[in-house]
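Here's a structure for you.
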Amino acid sequence: MKVQLDKTYPLPCDAEVAWAFLQDIQAVAGCMPGAAITERIDDQRYKGTVTVKMGPATMNFRGEIAMSDVDPAARSLRLIGKGTDSSGSSGASMNLMARIDPAAEAGRCTLAGTSEVSMSGKAAAFGARLMNPIAEQIVKQFADNFASRVGALQSQRAAPGAAVDGAPAVDGAPVVDVAPPTAPAQSLNGLALAWSVVRSWLRSLFGGKAA
C-alpha cells in the first residue's frame with residue numbers, strides 16, 4: 001500500500017536558517033514524534049527507530065535513513081528511509097523530496113515536500129482510505145515542530161551578539177548550532193489521530209462541529 005503527499009508549510013525564518021536545519025538529519029528526526037536516530041553510519045546515512053502506537057498495540061520500526069540529491073542552489077534534498085518492525089510482520093519505506101523556498105516577506109520561507117510512503121504486512125491492513133488522512137495529520141505534527149525549531153533559531157540568530165556571522169558554512173549556508181532534543185521521543189498516537197480523522201468526516205456529513 002502506498003500513501004502519497006504533496007504539501008507546503010510556512011516557516012517563521014529566513015530560507016538559509018531553514019536550509020541549514022533541514023540538512024541536519026538528527027535535528028529533523030527530532031521533529032517527528034516517535035522517531036529517533038540511534039547510530040551514524042556516515043555523513044549521509046543513519047540508523048534509527050520509529051515507535052507507532054495504534055490503540056493498545058505498539059509497533060517499533062528499526063531501519064536506515066539516507067540523505068541524497070543535495071542541491072544547495074535549489075535548497076532541496078531527498079530523504080530515503082526503510083525499516084521493519086520488531087516482529088518482522090510489517091515493513092515501511094519512505095521517499096521524501098524536501099525543498100526550502102524563500103518568501104516575499106523578510107524572515108519567512110516555506111517548506112515544500114513531496115513524499116511517498118509504502119507499507120507492507122500488518123501495517124498495510126489499515127488501507128489507504130484511512131492511512132491517507134492519518135498520514136496528513138502526522139506530517140502536520142512534524143511541520144509544526146519543524147516551524148517551532150527554526151523559529152527559535154531565527155530568534156537566536158537575530159539576538160544581539162549572536163555568533164552566526166563568521167560561522168563555518170555548509171554548501172554556502174551558515175551552520176546553526178542545533179541542540180538535540182533532551183526529552184524522550186513520544187510515540188505516534190494512532191488512536192488520537194484516527195479520532196481526528198473521524199471527527200473531520202463527521203463534520204463533512206453534518207456540516208457542524210463534532211465534539
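The values are calculated or read from the model by the stated rules, or taken from the named source; none is laboratory data. Everything numeric here is computed off the predicted structure, so don't read it as measured data. Please note: Cβ atoms are built from the backbone with ideal geometry, for glycine as well, and neighbour counts cover all protein chains shown.
Output the number of the condition that PRO10 fails; it satisfies all remaining conditions of (1) assigned to a strand (DSSP E or B); (2) surrounded by 15 or more Cβ atoms within 10 Å (Cβ to Cβ); (3) touching a helix residue (DSSP H, G or I) at 6+ places or on another chain (Cβ under 8 Å); (4) not aliphatic (A, V, I, L, M).
The single condition PRO10 does not satisfy is (2).
Oh, and also: Within the bounds of the stretch 63-77, is there any residue that is assigned to a loop (DSSP other than H, G, I, E, B), within 24 Å of ALA15 (Cβ to Cβ) and of a type in the set (Asp, Glu)? Even if it seems obvious, please write down each step before you answer.
Going through the stretch 63-77, the residues assigned to a loop (DSSP other than H, G, I, E, B) turn out to be 72-75.
Next cut, within 24 Å of ALA15 (Cβ to Cβ) only: 72-75.
Among the residues that remain, those that are also of a type in the set (Asp, Glu) are: none.
Looking through the stretch 63-77, none of the residues is assigned to a loop (DSSP other than H, G, I, E, B), within 24 Å of ALA15 (Cβ to Cβ) and of a type in the set (Asp, Glu).
Considering only the stretch 21-42, state which residues are within 20 Å of VAL70 (Cβ to Cβ) and either out of contact with any helix residue (DSSP H, G or I) (no Cβ under 8 Å at 6 or more places or on another chain) or of a type in the set (D, E, K, R) (or both).
Passing the criteria: GLN23, ASP24, ILE25, GLN26, ALA29, ARG40, ILE41, ASP42.
Now for a different question. Here are GLY83, GLY88: which of them is out of contact with any Leu (no Cβ under 7 Å at 6 or more places or on another chain), surrounded by 18 or more Cβ atoms within 10 Å (Cβ to Cβ) and free of Cβ contacts under 8 Å to residues at least 40 places away in the same chain?
Numbers: GLY88 fails: surrounded by 18 or more Cβ atoms within 10 Å (Cβ to Cβ).
The unique qualifying residue is GLY83.
Which one of these is at pLDDT 90 or above, touching a Cys at 6+ places or on another chain (Cβ under 6 Å) and surrounded by 17 or more Cβ atoms within 10 Å (Cβ to Cβ): ALA27, ALA18?
Details: ALA27 fails: touching a Cys at 6+ places or on another chain (Cβ under 6 Å).
Testing whether each residue is at pLDDT 90 or above, touching a Cys at 6+ places or on another chain (Cβ under 6 Å) and surrounded by 17 or more Cβ atoms within 10 Å (Cβ to Cβ) leaves just ALA18.
Tally up the residues in the stretch 30-55 that are touching a residue at least 60 places away in the same chain (Cβ under 8 Å) and either of a type in the set (Val, Ile, Thr) or surrounded by 15 or more Cβ atoms within 10 Å (Cβ to Cβ) (or both), please.
To start, the set of residues in the stretch 30-55 that are touching a residue at least 60 places away in the same chain (Cβ under 8 Å) comprises 30-36, 50-55.
After this cut, where a residue has to be either of a type in the set (Val, Ile, Thr) or surrounded by 15 or more Cβ atoms within 10 Å (Cβ to Cβ) (or both) as well, the list is 30-36, 50-54.
Residues flagged as touching a residue at least 60 places away in the same chain (Cβ under 8 Å) and either of a type in the set (Val, Ile, Thr) or surrounded by 15 or more Cβ atoms within 10 Å (Cβ to Cβ) (or both) within the stretch 30-55 amount to 12.
Another question, if that's okay. Out of all the residues in the stretch 80-92, which are outside any loop (DSSP other than H, G, I, E, B) and either modelled with pLDDT under 90 or of a type outside the set (Ser, Thr, Tyr) (or both)? Spell out the reasoning first.
Of all residues in the stretch 80-92, those outside any loop (DSSP other than H, G, I, E, B) come to 80-85, 90-92.
Of everything in the stretch 80-92, those that are outside any loop (DSSP other than H, G, I, E, B) and either modelled with pLDDT under 90 or of a type outside the set (Ser, Thr, Tyr) (or both) turn out to be ILE80, GLY81, LYS82, GLY83, ASP85, SER90, GLY91, ALA92.
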